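The values are calculated or read from the model by the stated rules, or taken from the named source; none is laboratory data. Computed from a predicted structure; not experimentally measured. Neighbour counts run over all protein chains shown; Cβ positions are idealised from the backbone, glycine included.
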Amino acid sequence: MKIKDIVLTLIFTILIGLISVFAWLKAPTEYSAGERRFLKERPVLSSEAVLNGEYMKNFEEYTVDQFPFRDDLRGVKALFSTYVLNKMDNNGLFAVDGHISKLEYPVNPDMMDNAVEKFDFLYEKFIKGKTDKVYLSVVPDKNIFFGEQGYLTIDYEKFISDFREKVPYMKYIDVVPFLSPDDFYRTDSHWKQEEIRDIALYIAKEMGEDASAEYAVNTLDVPFRGVYLGQSALPFKADTIKYLTNDILSSSKVYYYDTGMKEEGDMYNMEKARGKDPYEMFLSGTTPLVEIENPNASSGKHLVVFRDSYGSSLVPLLVPAYEKIYVVDIRYIQSNFVGNFVDFTDADVLFLYSTTLLNNSTALR
């Protein structure tokens, strides 16, 4: 028995030693494509960092991020937690009905109030007195469909009702009745453009406009591994992104203000379609301000959309109804500066936001 213990101890020691040597010698991985984040870099050794404890804290985080075969081990852990331990979720992520989703619970009243404060500022400073056509539409995350299966979810009906009461100057456009789980990507939080044409038509109709048009459905030739796929480490098949085109969209001019200067770009950014997050192909993803001009429009109307990432794929479907659309993301532009670029006079104004953003609104500026 003693010899067996010695042999096991030696094997364990050698294994730990080999892993340690490998961890020290291997080049650090800069970016995790699966988790969509930059990994910790090796901390700089200094007497000050050692004495104040920062070095060991940073080194521990570094070793966790740079551990050999980390992605493989994350996958083993996810499978074991889900299918052996039968845990409902793994680090807040869960798989149900062919979808990977993330727990969104509980409601954060302070975050809701923060969003309301930002919207109130925009209304009072730029919108009030220039137009009375101000609308709100809240997009629930796909957990709205999974609460009855035992997963913690917020009360979406109450959440939306409470938010509506805080912005009485907005007319509410309810898109919830049009949604189903299959309107969302299986491995990501976002909705599919090809499935939300009815929502775009309904929103336009509620604003008094007609956005009807025929579209060709195109399939992106690269797989879409949504943000939840890498974070969960579960063995799910990648999604497919489809995008809609027609003569109206192809003849429209799209301008971006990423640098503060007006630069022409594309409705669908094919460089980003083949990048880290293919969903960012829609209106180039995280952009502070986009201006779309439709030379084929006969209405003479213009629209201002304040939005999060859900608006990226929906706004192109509103283009047939308007001569010009301003698309504003106040996560990336200070609210104070919006009036320098956007004309609100007689505009339709739509606030289109997800429950996820409204419940975690610290990014709004």
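Numerical summary
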{"item": "Residue count, region 242-293 (criterion: of a type in the set (Ser, Thr, Tyr), in a loop (DSSP other than H, G, I, E, B) and touching a residue at least 40 places away in the same chain (Cβ under 8 Å))", "result": "4"}
{"item": "Filter pass, GLY300 being of a type outside the set (Ser, Thr, Tyr), touching a Ser or Thr at 6+ places or on another chain (Cβ under 9 Å), surrounded by fewer than 24 Cβ atoms within 10 Å (Cβ to Cβ) and modelled with pLDDT under 95", "result": "no"}
{"item": "Residues satisfying the stated conditions in region 145-183, i.e. under 17 Å from ASN360 (Cα atoms) and crowded, with 17+ Cβ neighbours inside 10 Å", "result": "THR153, ILE154, TYR156, PHE159, ILE160, PHE163"}
{"item": "Those residues of region 163-214 which are assigned to a loop (DSSP other than H, G, I, E, B), free of Cβ contacts under 8 Å to residues at least 40 places away in the same chain and more than 23 Å from the chain's Cα centre (by Cα), in sequence order", "result": "PRO168, GLU214"}
{"item": "Neighbours by Cβ (under 9 Å, 6+ apart or cross-chain): first from region 140-160, closer than 13 Å to SER101 by Cα; second small (Gly, Ala, Ser) and surrounded by fewer than 19 Cβ atoms within 10 Å (Cβ to Cβ)", "result": "PHE145/SER180; THR153/GLY147"}
